[in-house]
1. Obtain the radius of gyration and the Kirkwood radius of segment 160-216 from its C-alpha atoms and give Rg over Rh.
2. Using modelled amide H (1.01 Å from N, peptide plane; none on Pro or chain starts), what sits under 5 Å from the amide H of I129, excluding residues fewer than 5 places away?
3. Any chance you could look up the accessible area of D115 with a 1.4 Å probe, heavy atoms only, rounded to 10 Å²?
4. Mind checking the alpha-carbon convex hull of segment 121-276 and giving the volume per residue in Å³?
5. Can you check how the C-alpha radius of gyration of segment 194-288 compares to 2.2 N^0.38 Å, as a plain ratio?
6. Go through segment 177-191 residue by residue and turn each phi into a ³J(HN,Hα) via Karplus (6.51, -1.76, 1.60, θ = phi - 60°); whole Hz please, and just put x for glycine and proline.
7. Could you tell me the accessible area of M92 in Å² (1.4 Å probe, neighbours in place), rounded to the nearest ten?
8. Ordering R139, R237 by accessible area with a probe of 1.4 Å, largest first, what comes out?
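The values are calculated or read from the model by the stated rules, or taken from the named source; none is laboratory data. Source: prediction; values computed, not measured. In case anyone asks, the SASA skips ligands and DNA or RNA and just uses the protein heavy atoms, side chains included. Shrake-Rupley method; radii C 1.70, N 1.55, O 1.52, S 1.80 Å.
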Amino acid sequence: MRRIAPKRERYKQRVAKRRRKADELMLQSEIEVPTVEALMACPLSKFIHFAANDCGYTGSRYDLIANWVHPLFLKAKSEASREDNPSWKQAMSGPFKEEYWKAAVKEIETLESMDVWEVVDRTDDMNVIDSIWAFKLKRFPDGMVKKFKARFCARGDQQLEGVDFFETYAPVVQWTTVRLMLILEILLQLKSKQGDVAAAFVHGKLEDHEKVHIEMPLGFRQQGKVLELKKTLYGLRQSPRAFWKYLTDAMVAAGMQVSKLDPCLFVSDKVTAVAFVDDILFWSTDEA
């Protein structure tokens with residue numbers, strides 16, 4: 001009998017421990033889960049059965065709902081629970097405090113490597129806005145723990161217009177453009193790919209006349225120090241606009257033109273792209 005490597009065994013034990021903790025939190029949730037009978041009466045169940053049959057499923061609709069769909073509802077109910085979106089205090093005192101702390105450290109290291117801010121001395125003339133942590137326990141569809149995520153955000157609701165933000169407008173793709181491209185994909189047999197920009201808003205740069213100061217993150221604060229931002233953070237009023245300008249400049253640098261009819265449609269000789277904030281769809285005649 002082959003012996004399991006100690007490193008792999010420790011990993012399996014760690015995953016099993018996480019799953020037990022996650023299941024305990026799930027069972028404590030008060031969110032109502034639909035019964036099998038309620039799911040059977042739902043019109044969606046017929047579509048699920050139809051789609052499953054198209055994929056080769058040969059069982060009855062009841063077996064499909066009872067054995068597959070309903071267990072997913074039972075597991076997925078924890079996705080909306082408060083335990084999966086804790087505050088800083090809850091995250092640092094809960095059963096996953098080590099995992100959340102590692103996620104927070106990784107977030108700060110990522111932002112510092114991207115040169116997002118500069119640590120400066122606090123002065124009385126600064127409009128220093130609060131910062132906040134947003135934690136998320138991400139799960140697989142069956143409820144299994146996928147990853148722990150931490151995001152450092154700014155309290156944009158405390159910004160003052162004309163002081164630390166000016167323009168905020170950022171366009172969003174028109175749905176007629178998306179529908180048109182999906183129709184063309186079918187008619188012209190185009191190849192499509194989807195992508196998203198990691199840490200999207202952090203790529204946007206602040207204007208020279210915008211001076212934004214925020215409190216240092218909880219867990220990493222220094223006495224008498226604040227952060228002077230060089231780039232935008234999630235939560236700032238001007239972040240969507242700054243990222244759209246960054247994306248437009250990047251697309252133009254790649255040889256694409258901005259459509260005059262839709263500022264979120266980018267066209268070149270070989271590739272067409274549509275951007276919905278940080279999610280981008282690409283179409284081309286070939287995948288290369």
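1. Ratio of gyration radius to Kirkwood radius: 1.20.
2. H213, I214, E215
3. D115 has an accessible surface of roughly 80 Å² with all protein chains in place.
4. Output value, Cα hull per residue: 160 Å³.
5. 1.36
6. 5, 5, 4, 4, 5, 5, 5, 5, 4, 6, 5, 9, 6, 7, 8
7. About 50 Å², ignoring ligands and nucleic acids.
8. R237, R139
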